[in-house]
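Participant: My structure is below; once you've seen it, I'll send some questions.
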Amino acid sequence: MAEVLVYVDHVDGAVRKPTLELLTLARRVGEPVAVALGNGAGDTAATLAEHGAVKVLTHEAAEYADYLVVPKVDALQAAVEAVSPAAVLVPSSAEGKEIAARLALRIGSGIITDAVDLEAGDEGPVATQSAFAASYTTKSRVSKGTPVITVKPNSAAVEAAPAAGAVEALAVTFSDQATGTKVTGRTPRESTGRPELTEAAIVVSGGRGVNGADNFSIIEALADSLGAAVGASRAAVDAGWYPHTNQVGQTGKSVSPQLYIANGISGAIQHRAGMQTSKTIVAVNKDPEAPIFDLVDYGVVGDLFDVVPQLTDEVKTRKG
Amino acid sequence: MSLRIVVTVKYVPDATGDRHFADDLTVDRDDVDGLLSELDEYAVEQALQIAEDADDAEVTVLTVGPEDAKDALRKALSMGADKAIHVEDDDLHGTDAIGTSLVLAKAVEKAGYDLVISGMASTDGTMGVVPALLAERLGVPQVTLLSEVSVEDGTVKGRRDGDAASEQLEASLPAVVSVTDQSGEARYPSFKGIMAAKKKPVESWDLGDLDVDAEEIGLEGAWTKVDSATERPARTAGTIVKDEGEGGKQLAEFLASQKFI
Ligand SMILES: Cc1cc2nc3c(=O)[nH]c(=O)nc-3n(C[C@H](O)[C@H](O)[C@H](O)COP(=O)(O)OP(=O)(O)OC[C@H]3O[C@@H](n4cnc5c(N)ncnc54)[C@H](O)[C@@H]3O)c2cc1C
């Protein structure tokens, strides 16, 4: 069976969940061969093997952390040349998309970004995407070269599928461009202890209706009672009430959880773009005309300062 | 020597309109009003600020698109850009990101540049890959997704807020930069700016001017193919209740019925 390259997103050897989802999708199209780069690359092998990687190509070098994007493109290109895969799958993070695009151009291949599903097809893998703030679903394929496809988080289930996961060193020669953009400083984002926004099964979001940074504690309390991630509308972020890393929408994160709870959010098209594909949508808003109610499975017209704390208490009681 | 800044901008269908696909599965541009992509306004703004801080700089706005795309250029000129270039050709219809990056790269090279500034993504295609592709094609550093940017002594510096960390980046010019909507509000065109824009030069180039082959672009030249586009079925109307004091409890009941609690 043809091999499929999967680019591994990891932090010092800890594999992030979207990569494991990619392994599930990769197995539909071929045999997954993982490519892990940078500090801790070798430590990813056990997890990747558990989820279906037949091989793990690794390369550790300081360049991956010290320079932006291009060293990773060089490495992935080397992997493509070594393996001649049927497709290359990359997680759809901002960086993932940039790596994938440059790789595609170099190897003369078409690129599809932000796929939400992937199937095998007669003429190569068929990717499902959402368009126009998720009001359309499209099916596309790459018609030239080796398909390079980036896939959004939460697009497939993580499945155990034990495979060999044999570690092999990848030989990489960095290009002249590799050291073009230097990373002169890095401040890791502080962990909140909550699930990652894009990976969470439940997201609880607050908007302008939350009316102040301090009030976000109400949203956080509900999120914690459900084991959820916290999101925010751009209005709440622009007001300085919540960090931009938590913004949901066109210029923030795109989320697709099992459950999305929007509190004090009107449901503007740019916000919908980032949450419309959620499985179940619930909203609390005091305006019965708010467009968010067009999307909901269940909506409460009311003041969030009454409804949300009552909900949180009830969740806690029911969970015991 | 003068700092030559080229800002790439896109003319897009208004996101608040009823956007849809045409019969050939390209974006329908006829039924929805177009405008300068809001995310490119941030790029124009940062270009103008960098130009204002430099001793001597010139800001050129560049677009690839149909006749109406001139509106996007006018808007950028009225914000304060010095001149504009419009790449227009019937063969461009249906061009994908890879093809667009080719046309932009050729145009940027022909115009002459020290710094290219783009928005973080278009508001219609939303791929966010054109700046990276442009850097790859031009063979210059990619300094992208910046929420803060400055240029000094031939070096561009900026802050990139990523998922795992916030990074400080640095590269020598020439370079390709993209900025996010966190980089600072874009200015509104003043009345004076709007009047002045009418007299600013807008050059028109076609593919012949750029030595781009028709086979390399357009729907036929695209390296990806859209097989189908279907409207997402409207979500089935949900239950809406008015809070009469028990709204939170009712919501909890719903969540329990869906096995979330
Ligand atoms: C290029 C571009 C990109 C954008 N990207 C994004 C993006 O990524 N994400 C995003 O979210 N937006 C984005 N926006 C902004 C978007 O258009 C909206 O302005 C924004 O989503 C509004 O946020 P909101 O719903 O919190 O605020 P509003 O629209 O002001 O809505 C607040 C809601 O809260 C309700 N409310 C008020 N008080 C209470 C209360 N006590 N109890 C219950 N309900 C209450 C009100 O009825 C109202 O419906 C973008 C815009 C542009 C132009």
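Participant: List every residue pair whose Cβ atoms lie under 6 Å apart, where the two residues are 6 or more positions apart in sequence or sit on different chains, the first residue falls within the stretch B:239-251 and is closer than 10 Å to A:Val300 by Cβ, and the second residue, located anywhere, is in a loop (DSSP other than H, G, I, E, B).
Facilitator: B:Asp243/A:Gly302; B:Gly247/A:Gly302
Participant: Being open to solvent by 10 Å² or more (accessible area, probe 1.4 Å) and among the hydrophobic types (A, V, I, L, M, F, W, C): is that true of A:Ala82 here?
Facilitator: Details: open to solvent by 10 Å² or more (accessible area, probe 1.4 Å): yes; among the hydrophobic types (A, V, I, L, M, F, W, C): yes.
Yes: the conditions hold for A:Ala82.
Participant: Moving on. Does B:Val176 fit the bill of being in a strand (DSSP E or B), more than 9 Å from chain A (Cβ to nearest Cβ) and in contact with a helix residue (DSSP H, G or I) (Cβ under 7 Å, 6 or more places away or on another chain)?
Facilitator: Against the criterion (in a strand (DSSP E or B), more than 9 Å from chain A (Cβ to nearest Cβ) and in contact with a helix residue (DSSP H, G or I) (Cβ under 7 Å, 6 or more places away or on another chain)), B:Val176 qualifies.
Participant: Something else about it: Testing A:Ala75 on (1) open to solvent by less than 40 Å² (accessible area, probe 1.4 Å); (2) closer than 23 Å to B:Val179 by Cα, one condition comes back false. Which one is that?
Facilitator: (2)
Participant: Also, I was wondering about something else. Do you know which residues across the stretch A:198-221 are within 13 Å of the ligand (Cβ to nearest atom) and under 12 Å from A:Gly264 (Cβ atoms)?
Facilitator: Answer for the stretch A:198-221, where residues must be within 13 Å of the ligand (Cβ to nearest atom) and under 12 Å from A:Gly264 (Cβ atoms): A:Ser205, A:Gly206, A:Gly207, A:Arg208, A:Gly209, A:Val210, A:Asn211, A:Gly212, A:Asn215, A:Phe216, A:Ile218, A:Ile219.
Participant: Just to verify a result, which residue in the stretch B:143-157, among those that are aliphatic (A, V, I, L, M) and facing chain A (nearest Cβ under 7 Å), is surrounded by the fewest Cβ atoms within 10 Å (Cβ to Cβ)?
Facilitator: Our first condition is that a residue be aliphatic (A, V, I, L, M); within the stretch B:143-157, this holds for B:143, B:145-146, B:149, B:151, B:156.
Still in the list and also facing chain A (nearest Cβ under 7 Å): B:143, B:145.
Numbers: B:Val143: 29, B:Leu145: 27.
By that ranking, first place goes to B:Leu145.
Participant: Give all pairs with beta carbons closer than 7 Å in which a residue from the stretch B:91-104 that is more than 14 Å from every other protein chain (Cβ to nearest Cβ) meets a residue that is open to solvent by 30 Å² or more (accessible area, probe 1.4 Å); count only pairs at least 6 apart in sequence or on separate chains.
Facilitator: B:Asp91/B:Ala214; B:Leu92/B:Val64; B:His93/B:Leu219
Participant: Assess whether A:Ala163 counts as being in the same structural domain as A:Ala100 (by TED's automatic domain parsing) and over 28 Å from B:Val177 (Cα atoms).
Facilitator: Answer is yes for this residue.
Participant: Restricting attention to the stretch B:232-258, report how many residues are open to solvent by less than 90 Å² (accessible area, probe 1.4 Å) and part of a helix (DSSP H, G or I).
Facilitator: 10
Participant: Let me ask something additional. On the given criteria, is B:Asp68 free of Cβ contacts under 8 Å to residues at least 12 places away in the same chain and within 21 Å of B:Ile217 (Cβ to Cβ)?
Facilitator: Numbers: free of Cβ contacts under 8 Å to residues at least 12 places away in the same chain: no; within 21 Å of B:Ile217 (Cβ to Cβ): yes.
When the stated conditions are applied, B:Asp68 does not pass them.
Participant: For residues that are crowded, with 24+ Cβ neighbours inside 10 Å and in a loop (DSSP other than H, G, I, E, B), tally how many sit in the stretch A:24-58.
Facilitator: Residues that pass the stated criteria total 2.
Participant: Report, by residue number, each residue of the stretch A:247-267 that is more than 7 Å from the ligand (Cβ to nearest atom), open to solvent by less than 20 Å² (accessible area, probe 1.4 Å) and either modelled with pLDDT under 95 or among the hydrophobic types (A, V, I, L, M, F, W, C) (or both).
Facilitator: A:Val255, A:Leu259, A:Ile261, A:Ala262
Participant: OK, next. State whether the residues of the stretch B:208-231 include one that is in a strand (DSSP E or B), farther than 18 Å from B:Gly94 by Cα and at pLDDT 95 or above.
Facilitator: No - not one qualifying residue is present in the stretch B:208-231.
Participant: Another question, if that's okay. May I ask you to verify whether A:Pro18 is buried (at least 20 other Cβ atoms within 10 Å of the Cβ) and within 24 Å of A:Lys253 (Cβ to Cβ)? Give the steps one after another, and end with the answer.
Facilitator: Details: buried (at least 20 other Cβ atoms within 10 Å of the Cβ): yes; within 24 Å of A:Lys253 (Cβ to Cβ): yes.
Judged against the criteria, A:Pro18 is a match.
Participant: Now for a separate question. If you scan the stretch A:277-290, which residues turn out to be under 28 Å from the mean Cα position of the chain (by Cα) and within 8 Å of another protein chain (Cβ to nearest Cβ)?
Facilitator: The answer is A:Thr280, A:Ile281, A:Val282, A:Val284.
Participant: Examine the stretch A:222-244 for a residue that is assigned to a strand (DSSP E or B), surrounded by 24 or more Cβ atoms within 10 Å (Cβ to Cβ), away from the ligand (no atom under 13 Å from the Cβ) and of a type outside the set (Lys, Arg), and state whether such a residue exists.
Facilitator: Yes, some residue in the stretch A:222-244 is assigned to a strand (DSSP E or B), surrounded by 24 or more Cβ atoms within 10 Å (Cβ to Cβ), away from the ligand (no atom under 13 Å from the Cβ) and of a type outside the set (Lys, Arg).
Participant: Filter the stretch A:268-320 down to the residues that are in contact (Cβ under 8 Å) with a residue 24 or more places away in the chain and of a type in the set (Lys, Arg), then identify the one that is nearest to the ligand (Cβ to nearest atom).
Facilitator: The qualifying residue nearest to the ligand (Cβ to nearest atom) is A:Lys286.
Participant: Being open to solvent by 10 Å² or more (accessible area, probe 1.4 Å) and part of a helix (DSSP H, G or I) is the filter; apply it to the stretch B:132-142 and report the residue that is nearest to the other protein chains (Cβ to nearest Cβ).
Facilitator: B:Glu136
Participant: From the list A:Ala127, A:Ala100, which one is in the same structural domain as A:Val8 (by TED's automatic domain parsing), of a type in the set (A, V, I, L, M), at pLDDT 95 or above and in a helix (DSSP H, G or I)?
Facilitator: One residue alone meets the criteria, A:Ala100.
The values are calculated or read from the model by the stated rules, or taken from the named source; none is laboratory data. What you see is a predicted model, and the numbers here were worked out from it, not measured in a lab. All Cβ positions, glycine included, derive from the backbone under ideal geometry; neighbour counts span all protein chains shown. Heavy atoms of the whole protein, side chains included, go into the accessibility calculation; ligands, DNA and RNA do not. Shrake-Rupley method; radii C 1.70, N 1.55, O 1.52, S 1.80 Å.
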